[in-house]
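Everything on this sheet refers to the single structure shown next.
The values are calculated or read from the model by the stated rules, or taken from the named source; none is laboratory data. Everything numeric in this text was worked out from a predicted model, so none of it was measured. In this analysis, Cβ positions are derived from the backbone assuming ideal geometry, glycine residues included, and neighbour counts consider all displayed protein chains. Ligands, DNA and RNA are stripped out before the accessible areas are found, and what is left, the full protein with its side chains, is counted by its heavy atoms. Shrake-Rupley method; radii C 1.70, N 1.55, O 1.52, S 1.80 Å.
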Amino acid sequence: MSEPPGATLAPEAPSAADEPSKPLAAQRVLPLRRPGRWMATAAVLVLVAQFAHGLVTNPFYQWDRWGYWFLRPSILDGLVITLEVTAYSAVLGLIGGILLALARLSKSPVLRAVSWTYVWALRSIPLIVVLLFLYNFSALYRTLSVGVPFGPAFFSFDESKLATDMVIAVVGLSLNEAAYAAEVVRGGILSVDQGQHEAAAALGLPKGYQFRRIVFPQALRSIIPNYVNQLIGLVKSTSLVFYVSLLDLFGTAQSMGSTYPGDIVPLLLVVTVWYLILTSVVSVIQFYVERYYARGATRSLPPTPWQRLRAGLTDLRARVRREAAV
């Protein structure tokens, strides 16, 4: 269409595409506002601050007496007994769990039935009942003998002389721990791919060699981290050995509390802090054990707390530099 003479075109308004775009470094992406999260965070911080204030300022806790008892020789002796009972029970419980798991996976119906019954019974009976039953075991069987059933005995011994307080505590905890360890080991063995069993059988390898060199090493990836987690419960379960007259950490605190009734709360706090330390150490070990056995199963290993801290500081410095540049 032709324009009339003398007419001029009005300048077109510049479009948004013609405007010079801002550099990417100057553009900022505003995060989505989440007021509910901030309100919940503020409420939790207020509650934590109130709890910490009461914990520090309440004179009923007697923190000066807590400092007096925390490293007393009697408390440390009880701590050593707790560590010994935990170590012995952990090793014996794992060995018993492996044997029970193999019996549960056996083709023998007798072994399967006995193993299942043991696991069912020990996981059903409270640990304190097991310990008290073993503590009074000598009243049921004064002597133990080994020989032919309903026939002559080859040798016998006095049960009361053999069953010391330490032995009763370790045996009771080990029997209880073996029932739970058996399920951990069985689950780890079943987690191994069936193709591994078939490949080993195709090579004509003996059953024992298959288990030792192929199946069990792969099952450890699942067994060890789960069993280390089980140790946290074992550490806390050692507090029950006080009821069989073994003065562990908790038993020592109870004994001192009866002698010094005014220091019951500080002594309980001493026990609490020591158990927190022990379980924290086991938790750290569990993290690194899981990280070690995660090699090859994940694309990248989970970062350690130190690596997380360094990454957080690096991100913080980068953010500060970007804010300063803008």
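Overview of values
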{"quantity": "Residue tally, condition under 30 Å from Val273 (Cα atoms) and of a type in the set (Phe, Trp, Tyr), over the range 75-124", "calculated": "1"}
{"quantity": "Pairs with Cβ under 7 Å, 6+ apart, first in the range 97-117 and of a type in the set (A, V, I, L, M), second in a helix (DSSP H, G or I) and open to solvent by 70 Å² or more (accessible area, probe 1.4 Å)", "calculated": "Ala103/Leu111; Ala103/Arg112; Ala103/Val114"}
{"quantity": "Scope the range 203-225; condition in contact (Cβ under 8 Å) with a residue 60 or more places away in the chain and either surrounded by fewer than 17 Cβ atoms within 10 Å (Cβ to Cβ) or within 17 Å of Glu177 (Cα to Cα) (or both); matching residues", "calculated": "Leu220, Ile224, Pro225"}
{"quantity": "Any hit, the range 226-246, residues being part of a loop (DSSP other than H, G, I, E, B), open to solvent by 30 Å² or more (accessible area, probe 1.4 Å) and touching a residue at least 24 places away in the same chain (Cβ under 8 Å)", "calculated": "yes"}
{"quantity": "Elements of type helices (runs of 4 or more DSSP H) contained in the range 53-170, each with 2 or more residues being of a type in the set (Asp, Glu), open to solvent by 60 Å² or more (accessible area, probe 1.4 Å) and modelled with pLDDT under 90", "calculated": "none"}
{"quantity": "Options Val235, Val185, Val228: the member that is closer than 30 Å to Phe133 by Cβ and touching a Gly at 6+ places or on another chain (Cβ under 7 Å)", "calculated": "Val185"}
{"quantity": "Condition met for Tyr288 (farther than 24 Å from Thr164 by Cα, within 13 Å of the chain's Cα centre (by Cα), open to solvent by 30 Å² or more (accessible area, probe 1.4 Å) and free of Cβ contacts under 8 Å to residues at least 24 places away in the same chain)", "calculated": "yes"}
{"quantity": "Residues being farther than 20 Å from Leu234 by Cα and polar (S, T, N, Q) - total across the range 255-291", "calculated": "3"}
